[in-house]
1. Collect the residues in region 28-46 that are loosely packed, with under 11 Cβ neighbours inside 10 Å and either within 14 Å of residue 74 (Cβ to Cβ) or in contact with a strand residue (DSSP E or B) (Cβ under 9 Å, 6 or more places away or on another chain) (or both), keeping them in residue-number order.
2. Name the residues in region 1-27 that are in contact with a helix residue (DSSP H, G or I) (Cβ under 8 Å, 6 or more places away or on another chain) and buried (at least 20 other Cβ atoms within 10 Å of the Cβ), would you?
3. Would you mention how many residues in region 66-101 are over 22 Å from residue 50 (Cβ atoms) and surrounded by 18 or more Cβ atoms within 10 Å (Cβ to Cβ)?
4. As an exercise: evaluate residue 53 against (1) in contact (Cβ under 8 Å) with a residue 60 or more places away in the chain; (2) surrounded by fewer than 16 Cβ atoms within 10 Å (Cβ to Cβ); (3) within 12 Å of the chain's Cα centre (by Cα) and give the number of the one condition it does not meet.
C-alpha cells in the first residue's frame with residue numbers, strides 16, 4: 001500500500017507508482033490524503049473528485065490502460081481517496097507509460 005499527501009494536486013510520482021503497482025502480483029492500493037511524514041495523519045484535500053478524475057486520466061496513459069477502481073474514505077473525519085490498482089495481465093507486462101515507453105519497478 002502506498003500513501004500520498006495530495007493536498008492540492010496529484011503527486012508527480014503518481015505515474016511511476018501506478019506503473020510499478022500494476023506490475024506487482026495482485027496489484028496494490030494507493031491512498032491519497034494521508035501524510036507519511038506526520039505519521040499517516042490526514043491532510044485536507046482541496047477537491048477529492050478532481051483527484052479521482054486525475055487518476056482516471058493517468059490510468060488511460062498506460063499500455064495497457066489500467067482499470068483502477070476508486071472509492072471515497074474517511075480517516076479521522078477527513079476525506080481520503082482510495083485507488084485500487086489491479087495487476088496488469090502478465091502477458092502485457094511490464095506496464096508502460098504510453099508516451100515514453102518507460103516502465104517502473106518497486107525498489
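1. If the condition is that a residue be loosely packed, with under 11 Cβ neighbours inside 10 Å and either within 14 Å of residue 74 (Cβ to Cβ) or in contact with a strand residue (DSSP E or B) (Cβ under 9 Å, 6 or more places away or on another chain) (or both), then 44 is the only one that fits.
2. Of everything in region 1-27, those that are in contact with a helix residue (DSSP H, G or I) (Cβ under 8 Å, 6 or more places away or on another chain) and buried (at least 20 other Cβ atoms within 10 Å of the Cβ) turn out to be 2, 4, 6, 14, 18.
3. Going through region 66-101 one residue at a time, the tally reaches 3.
4. (1)
Residues checked against (1) more than 14 Å from the chain's Cα centre (by Cα); (2) closer than 24 Å to residue 25 by Cβ; (3) in contact (Cβ under 8 Å) with a residue 12 or more places away in the chain:
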site	(1), (2), (3)
57	no, no, no
66	no, yes, yes
72	no, no, yes
84	no, yes, yes
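Quick note: the coordinates plus some simple rules give every number you see, no bench work behind them. Keep in mind the model is a prediction, meaning the values are calculated, not measured. Positions of Cβ are backbone-derived with ideal geometry, glycine not excepted, and every protein chain shown enters the neighbour counts.
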